[in-house]
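The values are calculated or read from the model by the stated rules, or taken from the named source; none is laboratory data. The shown structure was predicted, so the numbers you read here are calculated from the model rather than taken from an experiment. Every residue, glycine as well, gets a Cβ built from its backbone with ideal geometry; the counts of neighbours run over all protein chains shown. Heavy atoms of the whole protein, side chains included, go into the accessibility calculation; ligands, DNA and RNA do not. Shrake-Rupley method; radii C 1.70, N 1.55, O 1.52, S 1.80 Å.
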Amino acid sequence: MKLLLSLLFCLCIPAVFAAEANTPKLDIGKGGQCVKDTQWMRINHMHLLIHQRDEAVRKGIRSEQISLKNCVDCHASTKDDSVVARDDSFCVGCHRYAAVSIDCFECHASKRKIALANKDAQ
Ligand code: HEC
Ligand code: HEC
Ligand code: HEC
């Protein structure tokens, strides 16, 4: 019974995000081509990042393409260069909707590189 319940629970998350109508309206950011297809990303992006973090920290392996900086560069809003500033900001907009709380941006920049460089120059 317990196994069945946890199985049902696991199946629920992808089911919710598989349905286009159920995702919140998000500011996708710059556009272009994601590192993998949208469906896959919707369900699996966290594994990509957590895995990358472990690889980067423990083994010093870094990938240019699949790095948090790269995600932010593309997905930060064209209005405020941020992935967390507003209710419809890309990362936080969906996480709030799904009641996920992550603390990545305490250490990692939530704004795109260009915005950060401009701020330094001022
Ligand atoms: C070159 C630009 C680019 C990069 C880099 C990029 N993405 Fe994307 N991503 C997109 C675009 C554009 C879409 C939306 C595609 C669509 O709507 O069909 C998308 C879709 C997504 C989705 C699904 C959104 C939804 O509405 O369901 C997630 C989640 C996501 N990206 C996370 C990430 C993460 C995490 C990274 C870094 C590992 C990343 N993306 C890197 C451009 C990018
Ligand atoms: C306490 C600070 C801290 C927090 C919180 C944190 N990280 Fe990191 N992260 C680091 C440091 C330090 C590195 C190594 C930086 C380097 O080598 O450039 C790193 C590296 C990474 C990398 C590889 C380098 C890159 O730019 O992509 C990824 C991916 C990553 N972290 C993802 C995450 C994610 C996802 C979260 C939230 C679940 C998170 N981090 C939370 C400190 C933190
Ligand atoms: C379309 C919705 C959506 C978007 C957009 C999205 N996420 Fe997520 N994210 C989720 C969901 C849902 C979960 C929790 C999945 C679970 O509990 O298994 C999650 C979990 C995560 C986790 C793991 C948290 C943990 O503590 O295990 C990380 C890291 C993460 N997201 C990073 C990002 C980053 C960075 C972005 C923006 C580039 C982003 N996400 C955009 C829906 C989204």
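What to note about this one:
- Evaluation of SER101 against (1) more than 24 Å from GLY31 (Cβ to Cβ); (2) hydroxyl-bearing (Ser, Thr, Tyr); (3) within 9 Å of ligand 1 (Cβ to nearest atom) (one fails), failing number: (3)
- Scanning the stretch 37-75 for residues that are in a loop (DSSP other than H, G, I, E, B), open to solvent by 90 Å² or more (accessible area, probe 1.4 Å) and not polar (S, T, N, Q) yields ASP37, ARG62, GLU64.
- Residues that are open to solvent by 60 Å² or more (accessible area, probe 1.4 Å) and within 13 Å of ligand 3 (Cβ to nearest atom) were ranked within the stretch 108-122; the one that is farthest from GLY29 (Cα to Cα) is HIS108.
- Tally, over the stretch 76-107, of residues that are loosely packed, with under 14 Cβ neighbours inside 10 Å and outside any loop (DSSP other than H, G, I, E, B): 1
- Conditions (1) more than 6 Å from ligand 1 (Cβ to nearest atom); (2) modelled with pLDDT under 85; number of the one not met by ILE66: (1)
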